[in-house]
Amino acid sequence: MSVRIRIIGMPLPHESKPLLSPHAFSGDVVLNALDSSRSGLARDEVCARIKQYGCNVFLQAKMPGVSTVFLHQFGSPLIYVLLAAVLLSVMIQEWSDAGFISAVLIINAVIGTMQESSAQRAAAALQSMVSKRCRVLRDGNNEEINAETLVPGDIVLLETGDKIPADLRLLVSHDAEVDESLLTGESLAVLKDHMAVLDANPALGDRINMLFTGTIVSRGRAQGVVVSTGLTTELGKIAADVLYKQPPKAPLQVRMDRFTLHVAIFVGLAAALLIVVAVIRGTPFSDMFFIGGRACRISYP
């Protein structure tokens, strides 16, 4: 069972069309929508936006510990039934059955915990693909900063060999070519054009006026405005799917959960009926408990 976690990611300001599809508008229109300018944001505005949008990281929520993840593996109807079977087996002193079912439950929980831990490690690996440092314009000054402090509206300066720290709408490009194989799988670098204005929904690899988190400038120089950070970037969306999104249950699993619930209800009612009949016949209480427990235990999977 996967742990549900709320994704901590702030929407872009105003939710206007230039910010939903920055590739479909000119750089100046996107700048205006972000309340920014070509000289960058003021320091006070940067502080305010960090509070509003959070840091430019993928792991913005504290991940649950191993013990919490392990306990969450026991949260399905089938597991509840098996736990009840273990309890009843212990009560009627069926030690071998109790031990076997307990071992199955523990192995299942360990496997589930390992799978969720691997998802956390995968998200951390994606985070490592993001640049740690970058150069920006703030108050008109060229500064090198920690990339985690980038916010929408920042102006980022890039040159050959730089790793792109956030999703950007290009404002200036000088023969800029970018290796986007991380996102698109294309082996050849893409020549970027800041003057291009595209349709609303082009393929990711066709957005020649955009730069994406984790990709690398293989040649030339460029300047762009940050349009999304953290989990709202294209790479961040992949990290969110890996780390936070709960996969839908398979149809067979849904039917199994429903069947297990029906079996549990039926077994409970059958055991209660046996106990009522035993009471009417004057069976001692200890024997009634044994009969009911045995009936439940035999009926459980």
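Laboratory data are not the source of any read-out in this text; all were calculated from the coordinates shown. This one's a predicted model, so the numbers in the text were calculated from it and none came from an experiment. We place every Cβ from the backbone using ideal geometry, glycine too, and count neighbours over all the protein chains shown.
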For Leu41, other-chain or 5+-apart residues with amide H closer than 5 Å (H placed, Pro excluded) are Asp139, Ile155
Simple SL model, points at 7 angstrom along Cα→Cβ for Asn32 and Asp206; separation in nm is 2.7
Nearest-0.05 FRET efficiency for Arg221 and Lys51 at R0 = 35 Å, using Cβ-Cβ distance, is 0.65
Between Leu261 and Ser67, Cβ-based FRET efficiency (R0 35 Å, step 0.05) works out to 0.80
For Lys132, counting only aspartates and glutamates whose alpha-carbon sits under 17 Å away and dropping same-chain residues fewer than eight positions off, the answer is Glu143, Glu144, Glu148, Asp154, Glu159, Asp162, Asp167
Dividing the alpha-carbon radius of gyration of region 87-230 by 2.2 N^0.38 Å, where N counts its residues, gives 1.66
Nearest-0.05 FRET efficiency for Asp241 and Gln93 at R0 = 45 Å, using Cβ-Cβ distance, is 0.40
Here D for region 126-200, in µm²/s, from Stokes-Einstein with a Kirkwood Rh over Cα pairs at 25 °C and 0.890 mPa s, works out to 178
The answer for the net charge of residues other than Ile155 whose Cβ lies under 15 angstrom from its Cβ, with Lys and Arg +1 and Asp and Glu -1, is -3
Protection proxy (average C-beta count within 10 Å per residue), highest first, orders 28-41, 208-221 as 208-221, 28-41
Calc'd 3J(HN,Hα), region 166-182, phi into Karplus 6.51 cos²θ - 1.76 cosθ + 1.60 (θ = phi - 60°), Hz, glycine/Pro = x, comes to 7, 7, 10, 9, 4, 10, 9, 9, 10, 6, 6, 10, 10, 7, 10, 4, 4
